[in-house]
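The values are calculated or read from the model by the stated rules, or taken from the named source; none is laboratory data. Since the model is a prediction, treat every value here as computed from it, not as a measurement. No Cβ is skipped: glycine too gets one built from the backbone with ideal geometry, and neighbour counts run over all protein chains shown.
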Ligand code: EPS
């Protein structure tokens with residue numbers, strides 16, 4: 001299973017193509033649109049989300065709600081394109097409009113300009129923009145439905161916003177409640193503090209990041225492999241999550257905390273119970289030897305603060321070489337809720353890939369029967 005994405009932030013549309021889906025997977029597009037709406041939501045988002053109403057429009061690979069086994073192509077139209085046609089038009093455009101040369105520290109602007117031999121960071125930022133993640137949410141929504149047919153669920157919540165951290169652990173069933181909250185946090189008092197912090201950062205023209213926890217629930221053991229490094233499920237998930245804009249760190253299970261503890265307090269002891277192997281803790285985060293072990297897969301990812309600050313950071317104009325403040329037209333103060341739903345989708349797609357590699361299957365019925373036979 002493979003996903004290709006295309007599209008610029010203010011171009012006509014974002015596009016995705018998924019190859020390798022089996023035939024006969026029933027798709028509920030309303031659920032995918034619900035995830036797309038969640039990506040646009042959350043306290044601290046900026047003006048762009050008032051313009052867009054992201055929806056998946058399937059172009060090929062599905063008939064009457066059932067996949068055909070052919071490449072599934074889809075688009076998410078950029079409503080803002082009508083305001084940018086003269087700047088972003090593929091056939092003709094005005095290169096003197098909406099140029100960006102006051103390169104933003106922390107963004108792709110400067111390194112992208114140097115690498116691709118450009119003079120206007122518009123040619124870099126349009127693709128580097130996190131708007132591309134809408135495609136990964138839609139593809140992740142399809143992967144969630146593939147996994148759901150096998151009884152595997154994906155959930156998550158926001159654990160911290162700019163240092164305001166929830167140290168509690170929650171059962172998987174509780175995580176869904178986060179989606180109806182303003183910052184996808186599960187502790188109301190901490191969430192309130194985080195919202196006030198976002199308010200004050202907004203006043204100061206500043207931005208915030210945070211930490212998100214993602215869980216995969218109900219996956220049988222043995223997905224991924226200990227035999228080759230490229231097949232290790234933890235490596236693949238970490239790589240996929242790190243491939244999302246603004247992610248600077250990923251942990252599995254105890255993660256970095258495991259390095260500070262003796263082995264006796266880290267490794268999940270194994271017991272026999274009713275003819276089954278069971279563990280009473282899940283410090284490994286559901287992955288041992290690069291393979292799922294049947295426990296919840298627990299991933300945490302750190303999102304850096306958004307690099308477009310309305311107050312501007314010190315930088316240098318790429319063309320004049322003069323010191324200046326970095327560009328900042330409109331931006332999100334925090335996009336941690338978007339990050340949560342994006343990472344759910346990316347994790348779901350990565351697990352679906354591992355399932356498809358192990359089980360194959362031309363039809364969804366074959367995939368289900370092979371999974372049930374494990
Ligand atoms: C985004 C849309 C963009 C940014 C954001 C993600 O909107 P705008 O038209 O205001 O640039 O808000 O892009 C970035 C974070 C970035 O680094 O470029 C979206 O829909 O997610």
Practice item. Kindly list, by first and then second residue, each pair from a residue in region 1-20 that is more than 23 Å from residue 49 (Cβ to Cβ) to a residue that is within 14 Å of the ligand (Cβ to nearest atom) and at pLDDT 95 or above, limited to pairs with Cβ atoms under 8 Å and residues at least 6 apart or on different chains. Key: 3/135; 3/136
Revision key, fill the gap. Exactly one of 190, 197 is crowded, with 17+ Cβ neighbours inside 10 Å, away from the ligand (no atom under 16 Å from the Cβ), under 19 Å from residue 307 (Cβ atoms) and free of Cβ contacts under 8 Å to residues at least 60 places away in the same chain, and that one is 197
Review point. When you look at residue 120, is it in contact with a helix residue (DSSP H, G or I) (Cβ under 6 Å, 6 or more places away or on another chain) and away from the ligand (no atom under 12 Å from the Cβ), yes or no?
Key: no
Review point. From the residues in region 177-188 that are over 14 Å from residue 212 (Cα atoms) and part of a helix (DSSP H, G or I), which one is farthest from the chain's Cα centre (by Cα)?
Key: 188
Review point. If you check residue 321 against the conditions, is it surrounded by fewer than 20 Cβ atoms within 10 Å (Cβ to Cβ) and touching a residue at least 24 places away in the same chain (Cβ under 8 Å)?
Key: no
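Out of region 42-60, which residues are over 20 Å from residue 205 (Cα atoms) and either in a loop (DSSP other than H, G, I, E, B) or more than 15 Å from the ligand (Cβ to nearest atom) (or both)? Can you show your working first?
First, pick out the residues of region 42-60 that are over 20 Å from residue 205 (Cα atoms): 51-60.
Once the filter is applied, which keeps residues that are over 20 Å from residue 205 (Cα atoms) and either in a loop (DSSP other than H, G, I, E, B) or more than 15 Å from the ligand (Cβ to nearest atom) (or both), region 42-60 yields 52, 53, 54, 55, 56, 57, 58, 59, 60.
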